[in-house]
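The values are calculated or read from the model by the stated rules, or taken from the named source; none is laboratory data. Quantities reported herein were computed from a predicted structural model and do not represent experimental measurements. As a convention, Cβ positions derive from the backbone with ideal geometry for all residues, glycine included, and neighbour counts pool all protein chains shown. All accessible areas refer to the heavy atoms of the entire protein, side chains included, with ligands and DNA or RNA removed. Shrake-Rupley method; radii C 1.70, N 1.55, O 1.52, S 1.80 Å.
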Amino acid sequence: MIKRITLLIAVVCLTFTSCTTDIEINDPALQAKIDGELFRTSFKKAIIYDDGTLVISGSAGDQSISFTTTSTKVGTYKTSQQTVSKASFQKSQTKFLSKNGETTGQVTITEIYNNEVSGNFNFKNLKDDKGNILNFSDGWFYRLPLENGVVEEDEVIQEINPCLLNASLTAMVNNSEMITDNHTAKLFGVDDASILITASNETEEITVVFLADVAPGEYPLSGSGNYSASYALDKDKSSASSGKLIITEHNIESKCISGSFEFNTRSGVQVSEGIFDFGY
């Protein structure tokens, strides 16, 4: 009888241990399988910046993981929609980074409660500088306390590009003229960095994305990738299904760029005669 009880306790202990190997139910956690091997961080944090950007990162020993979303709202953020701006994994001196147009994946924020964030994530095709590939799978984060990000002093005193101060973008939308009065430009990504320009008025918004080192010339536009665009009316956004972008001038030193564009959206909106003169 005693042997049976001991055996039963052993089975229960083994079962409980197995169940808790992958999930820490009560404590904040951040982990993923890196090429199939479990990586669980001992140090982890979630930082939200003034622009709504969320950076989740963690480390254990000489290994670290990090990824960024454009918002902290509950929902799914995808690399294909450029709502996940970057992801990385570093071991010793080797760093694997997400690359625009090559890395695929998503981050899903499932809950924000009591100033803590939870969710899951996965990425494929992060690359190091030698072209080696690494994947995240079965990634999740649980009850990470949200911290406010601190802007570095250099960022505060950085001067705004005069080309952005004088930015302009106009277009014809379904044969009606669209004039914008709010203009922003954001440089994102590490390798193969891209520029996102956004122009809007009270009801409409146009976004155009292109590589940061783009040279004058003509490029096809789509709904995602290195050259993409979208149009939104009353925050109802639709990505481009086809179109073209023409870069007429690009001064990388002064960070001033100008060009024209046209595209059709997936919802049937026709954007034509687009002209922009921007800084970033």
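Observations
- When segment 79-126 is described by a simple charge dipole with +1 on each Lys and Arg Cβ and -1 on each Asp and Glu Cβ, the residue from Leu126, Thr108, Val84 located farthest towards its positive end is Leu126.
- Residue-wise HN-Hα couplings along segment 48-59, as the Karplus relation 6.51 cos²θ - 1.76 cosθ + 1.60 with θ = phi - 60° gives them from phi, are 10, 9, 4, 7, x, 5, 10, 10, 10, 8, x, 8 Hz; Gly and Pro carry x.
- On the basis of the beta-carbon distance and an R0 of 41 Å, Thr170 and Asn148 show a calculated FRET efficiency of 0.65.
- Residues within the reach of a label modelled at Thr203 (point 7 angstrom out along Cα to beta-carbon, backbone nitrogen below 19 Å), restricted to segment 175-189, are 175-182.
- Here the 3J(HN,Hα) profile of segment 84-98, calculated from phi with Karplus coefficients 6.51, -1.76 and 1.60 at θ = phi - 60°, is 10, 7, 6, 9, 8, 9, 10, 10, 6, 9, 9, 10, 9, 10, 6 Hz, Gly and Pro shown as x.
- Separation of alpha-carbon centers, segment 174-225 and segment 71-135, rounded to whole Å: 22
- Rounded to whole Å, sorted largest first: equivalent-ellipsoid semi-axes of the chain, Cα gyration tensor: 44, 20, 18
- In this structure Tyr49 has an accessible area near 80 Å², from a 1.4 Å probe over the protein heavy atoms.
- J(HN,Hα) series, segment 129-135, from Karplus relation 6.51 cos²θ - 1.76 cosθ + 1.60, nearest Hz, glycine and proline x: 6, 9, x, 5, 10, 9, 10
- Heavy atoms of Val74 accessible to a 1.4 Å probe, total area in Å² rounded to 10: 100
- Theoretical FRET efficiency, 1/(1+(r/R0)^6), r = Cβ-Cβ of Asn114 and Lys91, R0 35 Å, to 0.05: 0.60
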